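To start, the structure under review is shown below, and the notes come after it.
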C-alpha cells in the first residue's frame with residue numbers, strides 16, 4: 001500500500017458501555033462482565049452519532065461488554081479481533097487503583113508492573129497490529145474496545161510509547177477519532 005493510501009485512513013474508537021466494575025473503578029480485563037442498565041442506555045445513544053457514517057471495517061474486542069456495545073450501536077456483524085482485548089491486569093484484576101496503592105504507593109498501569117499481567121511492551125505489540133490493520137485500510141475503521149487498551153492504541157497511532165496513553169482520559173460509551181494532518185498522525189476528536 002502506498003503512503004498516500006494509508007493517509008486516507010481514519011481510526012474511530014468506541015469504549016464499551018458502563019459495567020459494574022468500570023463504574024466502581026475496578027480493573028477489568030478477562031472478567032467478562034455485562035453492561036449495566038445505564039451502560040446499555042448510554043451505548044444505544046451512540047447509534048445516532050454514527051448513523052450515516054460509512055466504515056470500511058468494523059472490529060471489536062471479544063469481551064461481551066465491547067461486543068454488546070457494538071450490537072447496540074448497530075454493528076452486530078463487527079469482526080472479533082483478539083488484539084483489542086483490555087490490558088491484562090493479572091493479580092490486579094477486579095481491584096481498584098486505590099486498593100493497589102495501599103501496598104504499592106503511586107501505582108498506575110502506565111508506570112508500574114502488573115504482577116501476572118501484561119507489560120506495556122506486550123500491549124504495544126498487539127495494538128501495533130491494530131494500527132497496521134487500520135492504516136492498510138483506505139477509509140474508516142471502527143473499533144469497539146476498552147479504556148486502557150484504547151488509550152494505548154491511541155499512543156501507538158500517534159507513534160508514541162504505550163505509556164503515553166496516560167495522557168488520554170477515556171470514559172465509557174464515548175467516541176474518539178484518529179486521523180492525519182498531512183503525513184502526521186493526529187487526534188481529530190477525543191472522549192466525545
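Here, each number is a calculation from the coordinates, and none is a lab measurement. Small disclaimer: the values here were computed from a predicted structure and weren't measured. Note that we place each Cβ from the backbone using ideal geometry, even for glycine, and neighbour counts take in every protein chain shown.
Have a look at 74, 106, 17 and tell me which one the Gaussian network model of the chain (Cα, springs below 10 Å) gives the largest fluctuation.
Answer for the Gaussian network model of the chain: 106.
Just want the ordering: 40, 30, from fewest to most Cβ atoms lying within 10 Å of their own Cβ.
Lowest count first: 30, 40.
Between residue 190 and residue 32, what is the FRET efficiency for a Förster distance of 25 Å, r being their Cβ-Cβ separation, to the nearest 0.05?
0.40
What angle, in degrees between 0 and 90 and rounded to the nearest 10, separates the Cα long axis of helix 120-135 from the longest principal axis of the Cα atoms of the chain?
20 degrees
Mind pulling up the Rg/Rh value for the chain? Radius of gyration and Kirkwood radius, both on Cα.
Dividing the radius of gyration by the Kirkwood radius yields 0.96.
Label residue 64 and residue 23 with points 7 Å out from Cα along Cα→Cβ: what is the distance between them in nm?
Taking the two extended label points, one gets 1.6 nm.
Report the extension gain between residue 128 and residue 44 in nm, rounded to one decimal, defined as 0.36 nm multiplied by the number of residues separating them, less their alpha carbon distance.
27.3 nm
Given labels modelled 7 Å from the Cα in the Cβ direction, how far is it in nm from residue 96 to residue 121?
In this crude label model, residue 96 to residue 121 measures out at 3.4 nm.
Do the sum for the chain: with -39,500 (n - 2.57) for every DSSP H run of n ≥ 4, divided by all residues, what is the mean residue ellipticity at 222 nm, to the nearest 500 deg cm²/dmol?
Value at 222 nm, helices only: -9500 deg cm²/dmol.
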